[in-house]
1. Out of all the residues in segment 95-115, which are buried (at least 19 other Cβ atoms within 10 Å of the Cβ) and touching a Lys or Arg at 6+ places or on another chain (Cβ under 7 Å)?
2. I need the full set of residues from segment 343-393 which are assigned to a loop (DSSP other than H, G, I, E, B) and acidic (Asp, Glu), in order please.
3. How many residues are at pLDDT 55 or above, in contact with a strand residue (DSSP E or B) (Cβ under 9 Å, 6 or more places away or on another chain) and open to solvent by 60 Å² or more (accessible area, probe 1.4 Å) if we restrict to segment 1-38?
4. Could you run through segment 415-429 and say how many residues are of a type outside the set (Gly, Ala, Ser) and out of contact with any strand residue (DSSP E or B) (no Cβ under 9 Å at 6 or more places or on another chain)?
5. Can you work out which of the residues in segment 246-281 that are acidic (Asp, Glu) and within 46 Å of the chain's Cα centre (by Cα) is farthest from residue 225 (Cα to Cα)?
6. In segment 134-166, which residues are part of a loop (DSSP other than H, G, I, E, B) and free of Cβ contacts under 8 Å to residues at least 24 places away in the same chain?
7. Could you please find all residues in segment 317-342 being among the aliphatic types (A, V, I, L, M), under 16 Å from residue 202 (Cα atoms) and either open to solvent by less than 20 Å² (accessible area, probe 1.4 Å) or not in a helix (DSSP H, G or I) (or both)?
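The values are calculated or read from the model by the stated rules, or taken from the named source; none is laboratory data. Just so it is clear, the structure is predicted and the values come from calculations on it, not from any experiment. Don't worry about glycine lacking a Cβ; one is built from the backbone with ideal geometry, like all the others, and counts go over all protein chains shown. Areas reflect the complete protein model, heavy atoms only, side chains present, ligands, DNA and RNA absent. Shrake-Rupley method; radii C 1.70, N 1.55, O 1.52, S 1.80 Å.
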Amino acid sequence: MIKCFVNVPDNVGSAADWKLGKGEMRGTLVPVVADSDAFGNHVCVAEFWVEPVGNKNTEAKWLAAGARARMTKKLAINFTDKFRSTLALPHVGGDQYKVKVAKLGDKGNALETQVFETWRRIYISVHHMNGEALKLYGQMKPKVEEVFKKAFVDVKWEPASSTKTLVEEPYTPADVVHMPHLYDAARSRLTRKPLHMRLLIVTDIFDKATRRYQKNVGKADLAKGDYLLSTGRPLGYRKADTGCAHAWVRTGPADPWVEVTEHVRKESDRKLRIHLHRNPGVWKDLKDGNTLRLVVDTRERDHGFCGYSLDNFCVVRSNEAGGLVTVLQTFTHEVGHSLGQAVDKEDVHDAATGNRTGQEANANWHGDDHGGQGPHCHFHATRVASTRTTSGFTYAAGAGDLCTMFFRDDKKVEKQGAFCAECEPRLKRTDLSPAAMQGGRRTTWPPHPSPNWDHYS
């Protein structure tokens, strides 16, 4: 059997001679050559045709006429004692075909090639933040490879080992989405674009959030002249950041505000200590029995997601209570997004002509209005009412294993972070060609934008 990586341009090695059939083929076009003397003397014309092998190839309805396996030339004339044609393979993964060639009118005595099996390949550069992330990466590599191998996607790690991030930090803001402070783009180039992605395994990820707290504070509310303010979320965008943007107090509505920001310190991840006694005027007001109005603007970390994917850039959080199982799900989930999963509908075609006949909806489609952000899959999940979604409902784990494209981490996701029985075939037939990965028009993934793996360095 010959593996043909149909999304990788430029064939390498020898031609796919029907007698040799060795080596790795790249691209959708496979040259097939037969010696004319294999059919007897003075044979001028041979005919080529392609036959599917087995019954597991992608259904014809998913492929337009121009995307189906075919011979670019069915009849070949004898030139230099050779008959030559080219097999055009579909963009999908896991299809098997063989080419047959015979003297014109003598198909019963045909010669045949080895079996050609279609694959796709992607390249991933991984960066780890600390020893724990590196350990998880080592444990995940074979599992990630196995998950995508089931959809006939070959994962190549470039470089073979993970690269340490430039900075090690307990949490990383997601607002600078490509996190350029964590890697040297010049020294860690994505040389295989548009089939090359970057993936960071960081300790924690957060969205930046701000909140205003307003309190009435009297001397009885203080401990040793300090007021302790509890916050709803963790404080600070960086480790040394107190999490306090501004703090003011005043005695009455007509009195001027007095800024006390300089007297605020972070007591813990969710508590600010405000040393009011360090401002003589404020401390006098409190000792005189006045009640002060305290206003504090904070910088807080809004958690709640395990990772994200933007074109050919992915981030995975390693600080997970579920450990390897959860991080593995996030890994395959985010790479799955980069490969265009999940889809809400797909084009379908006439089995005979290959003409487009319409679209078929994905019964397991999960959009933003059901919770989460981005396209997801609710395979084996149960619909439940929710006051937190615009649709009024969301999905929770049901009786069976969930898909890795479920909208959040869950212990019922298959332990290997696998794609479900519905998404795996879709990933097999997803177009991963360079044109598609450079933002080619993907009509089957609304309302989200097309992947564009050439979007950043």
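1. 113
2. 344, 350
3. So the answer is 7.
4. Total satisfying the criteria: 4.
5. Per the stated criteria, the residue is 269.
6. 160, 161, 166
7. 321, 327, 328, 335 - these are the residues of segment 317-342 that are among the aliphatic types (A, V, I, L, M), under 16 Å from residue 202 (Cα atoms) and either open to solvent by less than 20 Å² (accessible area, probe 1.4 Å) or not in a helix (DSSP H, G or I) (or both).
Table: residues versus (1) open to solvent by 20 Å² or more (accessible area, probe 1.4 Å); (2) within 30 Å of residue 165 (Cβ to Cβ); (3) out of contact with any Pro (no Cβ under 7 Å at 6 or more places or on another chain).
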residue	(1), (2), (3)
44	yes, no, yes
51	yes, no, yes
66	yes, no, yes
70	yes, no, yes
74	yes, no, yes
88	no, no, yes
93	no, no, yes
119	no, no, yes
126	no, yes, yes
